[in-house]
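Just so it is clear, none of the values below were taken in a lab; they were calculated from the coordinates. On a predicted model such as this, the values are computed, not experimentally measured, just so you know. Don't worry about glycine lacking a Cβ; one is built from the backbone with ideal geometry, like all the others, and counts go over all protein chains shown.
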Amino acid sequence: MSLAVPAGAFVGVVGPSGSGKTTLLRAILGRVPSVSGTVRVLGRDVRGRPPQGVGYVPQIETVDWNFPVTVEEVVHMGRTRHAGPFPWPNRADREESARLLDQLGIAALARRHIRDLSGGQQQRVFLARALVSRPQILVLDEPTAGVDIKTRDDILHLLGDLNATGITVIMSTHELNSVAAHLPWVVCVRGGIIASGDPEEVFTTEVLSATYGARLEVLRQDGLLLVADAPHGLREQLRHTHRHRHERGGDEHEHGHAHLPAHEHAHQQEHDA
Ligand SMILES: Nc1ncnc2c1ncn2[C@@H]1O[C@H](COP(=O)(O)OP(=O)(O)O)[C@@H](O)[C@H]1O
Ligand SMILES: [Mg+2]
């Protein structure tokens, strides 16, 4: 199935671990060596080389933190493609980086080593690096993974503000309720595109169950969309197990383990990843 993202969109890519979210994002960046079919970005075919006008924020967990580099230096890296014959930043580059760090609320951290920052601060640093080249499209891989609720909200509002200035935002996320259901457009992937569109229409039990390989119930109430991703029937199963244990006087050997069906295991792994 093909996927078209209109200019100015704010898109969330969801799917279980290993479903191809990162691969889809990397294909947009021309970083997937073999792609069957074509990828077009801003009207041009992407063929193995990064397209102009796209800023990328990698998943923080995949960054090599042993590399000794400061916040400022990371942000300057985003300028390299614009740089003239010299690899070091010029005065305009420095001013632009400083402005972005200020805008993102991390100006005070400019001289700090990125390794010493919190997850949310690191996310902002990489966001600044992506923005310094003034992209028309911003691609982010799980920008809300591993940060607290307040930081997650801040990041989403920041991305909303950037989107309001006309930047197309494409981000992957694991968080169906807290993130994806609030975005105007979602794409469900599992080895390919399962569905895409307004979460109101796309987030159905059928589509999400096909995407995650586990049954997910979708609840709608007062304009609120909620995906119940608790292991299906687990509570009843555990109640049953515990009631038996209680009645039998706590015989651990006979009733100590609740049997988990295969799909519950898969669900668990998804959260661990
Ligand atoms: N459409 C695809 N065709 C073939 N291999 C794929 C495809 N999408 C993903 N893969 C492979 O599956 C693995 C996991 O993909 P990845 O994009 O990292 O998933 P996610 O980011 O959703 O966890 C990678 O090894 C990738 O090469
Ligand atoms: Mg990934």
Rounded to the nearest Å, the spacing of the alpha-carbon centers of the stretch 211-240 and the stretch 163-192 is 21
The local net charge around V139, scoring Lys/Arg +1 and Asp/Glu -1 for residues other than V139 whose Cβ lies under 15 Å from its Cβ, equals +4
Residues I137, I155 in order from fewest to most other beta-carbon atoms within 10 Å are I155, I137
The stretch 52-79 scanned against label point 7 Å out from H113 along Cα→C-beta; backbone N under 12 Å for 65-71
Contour minus Cα-Cα span, L219 to V63, at 0.36 nm per residue, comes to 52.5 nm
At q = 0.10, 0.12, 0.15, 0.16 1/Å the base-10 log of I(q)/I(0) from the Debye formula over the alpha-carbon atoms of the chain is -0.60, -0.81, -1.14, -1.25
The simple spin-label model distance between Q103 and W88, using points 7 Å out along Cα→Cβ, in nm, is 2.6
Under the 7 Å Cα-to-Cβ spin-label approximation, E95 and N177 lie apart by a distance in nanometres of 4.8
If every Lys and Arg gets +1 and every Asp and Glu gets -1 at its Cβ, then about the Cα centre the stretch 98-193 yields a dipole, in debye to the nearest 20, of 340
Once the dipole of the chain is set up from charges on Cβ (+1 Lys and Arg, -1 Asp and Glu), the residue from the list L208, F10, W88 lying farthest towards its positive end is W88
For the chain, the longest principal axis of the Cα atoms and the Cα long axis of helix 149-164 enclose an angle in degrees, to the nearest 10, of 50
